[in-house]
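Accompanying notes for the structure given below.
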Amino acid sequence: MNNERIFLSAPDVGSLEEEYVLSAIRGGWIAPLGPEVDAFERDVASLVGVDHAVALSSGTAALHLGLLALGVKAGDTVITSTMTFAATANAIVYTGAEPYFVDCEFETGNMDPRLLEESIAELRSDGHHIAAIIPVDLLGKAVNYTEILQISDKYGIPVLSDAAESLGASHNGQPAGSFGVASILSFNGNKVITTSGGGMLLTNDAGIEAKVRYLATQARQPVVHYEHEDIGYNYRMSNLLAALGRAQLSRLDSMISQRKEMRDAYKSLFATVPGVEIFGGNCDSEDNYWLTSIVVDPSAAGWSAQELSSVLNEQNIENRPLWKPMHLQPVFAKAEASVNGNSEYLFTHGLTLPSGSSLSSEQRETVFAAIKEFLLERANA
């Protein structure tokens, strides 16, 4: 057994990050504001190509405030992807609105535009007020925004893009994080770049930027004493964490390149294995390769994703299924959804493998050797 745990996507930090954080400490801004926060916002906005950015404590906070800035309230319906992490749906619930889950395309795991349009028509006929659409860029692959935005424009529903997993990716050459009336990013410890914990809201709308910044600082009025007319939140990012983020951002291209190397290595490893496909691997030239997953057809492969998972666990190699769809989560059992079976199949037959840019050559070889041994045993069984 491998004694050292090999993670899916461990933080990739080193001496450069130490230098940036130490400089921020010595600068004296040990607070949820400061020059590093300001610079980080400018850097990300410039990279993504938007006018405004607000650095926040998490991607969830960015979703929550983005929805509030759009005026989402109790009694509204917000359409989102069922194939996502719970934070997307939780942020909707924070506003008092109800999530409505739409299933995915099989090839990408991203929101199915056809189902989206059908859902809008059905919800409106039933009297629902659809306040927003939140498509989710799954595992570093941008949604088909060409079709999603055409639908949102047709029905006059704003799009808040959940690009938590897709910084550095693009759709038709346009950067992820620049779609819709606003987008959000996550800088959680396992993302392509990290601030330990953190997120950001991106927009070209100065009004949305101002509203989010106001709510994120406890909705404090611009007077000398503490004056509040609205309920606000303590959602701002620390200056120290912003310094970490700036160092990480300067290395984004190289870290994406390393993740692509892992994706390509998995493609080669499974190329001749029947019944196994790299999830989204046939259309990944604009991905950021955050996580690489496989989809296993047990009838063709002769083994299941769960069997490979068990072997990897024995070797102390982290792996996990694709996201469990939100419409199957107990907490959302009463939520409405439009499903086609794709997300359930992907959850049952998908497996996510170590993909991080911090993986050493030795760790990579340990992962590949464990998989090769498993495949050889199954081939000879």
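Just so it is clear, none of the values below were taken in a lab; they were calculated from the coordinates. The shown structure was predicted, so the numbers you read here are calculated from the model rather than taken from an experiment. Here the Cβ positions follow ideal geometry from the backbone for every residue, glycine too, while neighbour counts run over all protein chains shown.
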Output for segment 171-245: GluC sites (Glu not before Pro) sitting in coil per DSSP, at most 13 other Cβ within 10 Å, listed by number, reads E227, E229
Hydrodynamic calc, segment 155-303: Kirkwood Rh from Cα pairs, then Stokes-Einstein at 37 °C with viscosity 0.692 mPa s, so D in µm² s⁻¹ is 181
Residues H128, H327, H228 in order from fewest to most other beta-carbon atoms within 10 Å are H228, H128, H327
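Could you put R246, R263 in order, starting from the residue whose Cβ has the fewest other Cβ atoms within 10 Å?
Working: R246 23, R263 20.
By the 10 Å Cβ count, ascending, the order reads R263, R246.
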Exposure proxy check on H225, H52: fewest-to-most Cβ neighbours within 10 Å is H225, H52
Expressed in nanometres to one decimal, the distance between label points 7 Å along Cα→Cβ at E4 and T146 is 4.4
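Rounded to whole Å and sorted largest first, what semi-axes of the equivalent ellipsoid does the C-alpha gyration tensor of segment 252-380 yield via the square root of 5 times each eigenvalue? Let's see the in-between values first.
Numbers: eigenvalues 126, 76, 41 Å².
Over the Cα atoms of segment 252-380, the semi-axes work out to 25, 20, 14 Å.
So how much slack lies between D264 and N316, counting 0.36 nm per residue of separation and subtracting their Cα-Cα distance, in nm? Write down the numbers at each step before the final one.
On the way: separation 52, 0.36 × 52 = 18.72 nm, distance 2.28 nm.
The span from D264 to N316 would gain 16.4 nm if fully extended.
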Treating only Lys and Arg (+1) and Asp and Glu (-1) as charged, each at its beta carbon, one finds that the chain has a dipole about its Cα centre, in Debye to the nearest 20, of 540
With 0.36 nm assigned to each residue of separation and the Cα-Cα distance removed, E107 to N380 gains 95.2 nm
Labelled set [x] 27, 50, 21, 2; [y] 23, 47, 27, 3; [z] 28, 56, 15, 0; P(r) over Cα pairs in 20 Å bins from 0, in percent computed from this model equals the value at [z]
